[in-house]
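The values are calculated or read from the model by the stated rules, or taken from the named source; none is laboratory data. All figures in this text were calculated on a predicted structure; none of them were measured in a lab. Positions of Cβ are generated from backbone atoms using ideal geometry, with glycine treated the same way; all protein chains shown enter the neighbour counts.
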Amino acid sequence: MFKGIVKLILILNSNQKPWQIAGAAAMGFLLALVPAGNLLWVFLFLLFLLMRVNRAIGLLFLLIFRLFANLYDPLLDRIGYTLLTMTPLEPFWTSLYNIPVVPFTKFNDSLVLGGLIGGLVLFIPVMLLFRILVNLYRNKLVPKWCESKIYKKLQTLPWFKKLTGAFSVGARAFKAGRN
């Protein structure tokens, strides 16, 4: 677990742009909303792999958001059911279902459709939120932490050396940005 925390800190302090980390978190969020086991999820996962984002962060947030799936699944199911039962959309769903391969996406499952719509609607806000959080972390938290007395005392401990290296990457980036 300690190695995982160090790797997460290294990623947050890496030279990747904040939008790459935020995009990965948003893609992990979208993948968590859409239930797995269908062609739609596979397509979204392949899209995630082709995007220029941090895959480790995306997978981490996929796991984190998937843990809370029971909380938002009823709402997503209701959204999907509402869309699938709207009379004006029935011809669209019928024609979509008659296209070869499309039924394997299971778009006609209310939870899959609700997860897709919910994920697409919230994709940009989640990405913007995580971009703000990454910027706050890099510009406010890391410099204050690196200048704190606790951090300086912890630097003397041998096991803290790896974690110190991770924060020093952020501190160097902070100092380079100040100049």
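Observations
- Pairs where the first residue, in segment 55-76, is within 22 Å of Ser14 (Cα to Cα) and the second is of a type in the set (D, E, K, R), C-beta under 9 Å, 6+ apart: Ala56/Lys7
- Residue count for segment 32-54 under the criterion of being assigned to a helix (DSSP H, G or I) and more than 13 Å from Leu111 (Cα to Cα): the result is 10.
- Pairs linking a residue in segment 102-128 that is closer than 13 Å to Thr82 by Cα to a residue that is of a type outside the set (S, T, N, Q) and not in a helix (DSSP H, G or I), with Cβ atoms under 8 Å and 6 or more positions apart or on different chains, are Asp109/Pro35; Leu111/Pro35; Val112/Val34; Val112/Pro35; Val112/Lys106; Leu113/Phe107; Gly115/Val34; Gly115/Pro35.
- Residues that are surrounded by 15 or more Cβ atoms within 10 Å (Cβ to Cβ), more than 16 Å from Ala69 (Cα to Cα) and not hydrophobic (A, V, I, L, M, F, W, C) within segment 110-137 comprise Arg131, Tyr137, listed in sequence order.
- Meets criteria (under 24 Å from the mean Cα position of the chain (by Cα), in a helix (DSSP H, G or I) and at pLDDT 95 or above) for Leu60: no
- If the condition is being closer than 24 Å to Phe104 by Cα and in contact with a Gly (Cβ under 7 Å, 6 or more places away or on another chain), then segment 8-31 contributes Met27, Gly28, Phe29, Leu30.
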